[in-house]
Amino acid sequence: LERACAAHHRAHPREWGPAPAQAAADAGLAGIDDPLPLVQADPRRRLALRHGRLALAGHQPAVEERLARLRDQLLARIRAAGLRAPARGDLLTALAAPERDLDAAAKLLVDAGLVRPFPPNWMDAEALAGFKARLPALAAPDGALDLGALRQATGMGRNLLVAVLESCDKEGLTRRQGAGRVLVRR
């Protein structure tokens, strides 16, 4: 696993590391579905799990200063937008950044768990968590979620709201029912 992580760090210096299952496969441990118990059992703590990625314990992504500044500017704009997650095109224009750099900065934020992609939009992870926490208060007594009322309460556009609710469906928080959604878990 250490060798697999080290090879990944060399090949992808801007990333935290490989997904745990990918690291196991790269290490020839394909039969192991979850290498995390191996990591936790290592008394020398040579590997760490950060942002859902496996990495050598001291590894930090290599980010040049120009990209770090862009990452910080991008995060500030995404956080300021809250639930009205800005679209990629709008951010390209506002930040006057090359597409390749903007995408690299966004990937750093997504990998760090600070931003959640809802193509073509990027949403602040904290704003998304707040939305999920508010869902029970926004639901009708029977758990029904009215898209129009949600749009009005959040300021989200229809397409973005549907994408966010689909992610809530995958997490088991909501379920599609007819033309709308219903809260599954309060």
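Of all the listed residues (61, 18), the sole one being within 25 Å of residue 100 (Cα to Cα), touching a strand residue (DSSP E or B) at 6+ places or on another chain (Cβ under 8 Å) and open to solvent by less than 40 Å² (accessible area, probe 1.4 Å) is 18. When you go through 88, 116, 79 one by one, which is the residue that is within 26 Å of residue 15 (Cα to Cα), in contact with an Asp or Glu (Cβ under 7 Å, 6 or more places away or on another chain) and in contact (Cβ under 8 Å) with a residue 12 or more places away in the chain? Within the list 88, 116, 79, the selection yields 79. In summary, residue 107 fulfils each of the numbered conditions (1) touching a residue at least 60 places away in the same chain (Cβ under 8 Å); (2) open to solvent by less than 40 Å² (accessible area, probe 1.4 Å) with the single exception of condition (2). Criterion applied to 49, 74 was being under 29 Å from residue 121 (Cβ atoms) and in contact with a helix residue (DSSP H, G or I) (Cβ under 6 Å, 6 or more places away or on another chain), and the one residue passing it is 74. All of (1) crowded, with 16+ Cβ neighbours inside 10 Å; (2) within 30 Å of residue 49 (Cβ to Cβ) hold for residue 161 with one exception: (2).
Only a single item in (1) in a loop (DSSP other than H, G, I, E, B); (2) touching a helix residue (DSSP H, G or I) at 6+ places or on another chain (Cβ under 8 Å); (3) at pLDDT below 95 is not met by residue 149, and it is number (1). Is it true that residue 85 is assigned to a helix (DSSP H, G or I) and modelled with pLDDT of 95 or more? The answer is no for residue 85. Taking the conditions exactly as written (on the phi < 0 side of the Ramachandran plot and in contact with a His (Cβ under 8 Å, 6 or more places away or on another chain)), does residue 111 satisfy them or not? Taking the combined requirement at face value, the residue satisfies it.
Of 147, 128, 138, all but one fail to be open to solvent by less than 30 Å² (accessible area, probe 1.4 Å) and of a type outside the set (Ser, Thr, Tyr); the exception is 128.
Of the residues making up segment 60-79, not a single one is closer than 29 Å to residue 28 by Cβ and assigned to a helix (DSSP H, G or I). The set of residues in segment 87-104 being touching a helix residue (DSSP H, G or I) at 6+ places or on another chain (Cβ under 7 Å) and surrounded by fewer than 15 Cβ atoms within 10 Å (Cβ to Cβ) consists of 94, 99.
The values are calculated or read from the model by the stated rules, or taken from the named source; none is laboratory data. Since the structure is predicted, the reported quantities are computational estimates derived from the model, not experimental observations. Here Cβ is always computed from backbone atoms with ideal geometry, including for glycine, and neighbour counts include all displayed protein chains. Heavy atoms of the whole protein, side chains included, go into the accessibility calculation; ligands, DNA and RNA do not. Shrake-Rupley method; radii C 1.70, N 1.55, O 1.52, S 1.80 Å.
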